[in-house]
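Right, one structure below, let's go through it.
Please treat every number below as a calculation from the coordinates, not as lab data. None of the values given here were measured: they were computed from a predicted structure. Every residue, glycine among them, receives a Cβ derived from its backbone with ideal geometry; neighbour counts consider all protein chains shown.
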Amino acid sequence: MMRAIKDLLVYLIDKEKIIYCEGDKYPTFITARELAELSCDRSAFRIVKNTKYLFIDDLGAEPVEISNYGNFIYPYIDVLEYRYDRLLPTFISSNFSASDLGNKYESERVTDRMKEMFQIISFKEESFR
């Protein structure tokens, strides 16, 4: 779903149907697992955190914490709090419910941020996996 929305935005930008924002030409699309892997590369992670529009696909499929030379990094929590503080638009998709995500990240603060930042649209369809 997130890829389709991102692809639609790219199409509309390329056809000059909409004018994107200053800076980035296109919105940034990343899976939650890619975000977790990228978190060890500080400069690339900073770029993703600062992108104007960020699409994170399949939230909840990634590990909550990453150990990098003995330092623990919490990629999604870091991105969420950073973007929350700077009022940057963020879109996520997940197969988990909001309460499941709250339990996974074990933080009331994260749950509160998510409730404030996101409009939850739930699709109740049969899984074909």
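What net charge do the residues around residue 63 carry, taking every other residue with its C-beta under 12 Å from that of residue 63, with Lys and Arg at +1 and Asp and Glu at -1? Net local charge, residue 63 excluded: -1.
Taking every DSSP beta bridge that has both ends in the range 27-121, the antiparallel portion is near 30%.
In this calculation the C-beta distance from residue 69 to residue 104 is compared with R0 = 35 Å, giving a FRET efficiency of 0.90. Computed from the Cβ-Cβ distance with R0 of 25 Å, the FRET efficiency linking residue 19 to residue 50 stands at 0.80.
Look at the alpha carbon pairs under 8 Å that are at least 6 residues apart: their mean separation over the length of the range 27-124 gives a relative contact order of 28 percent. Quick one: work out Rg over Rh on the C-alpha atoms of the chain, Rh as Kirkwood radius. Checking Rg against Rh, the ratio lands at 0.97. Put a dot 7 Å past the Cα of residue 122, heading toward its Cβ, do the same for residue 7, and the two dots end up 2.8 nm apart.
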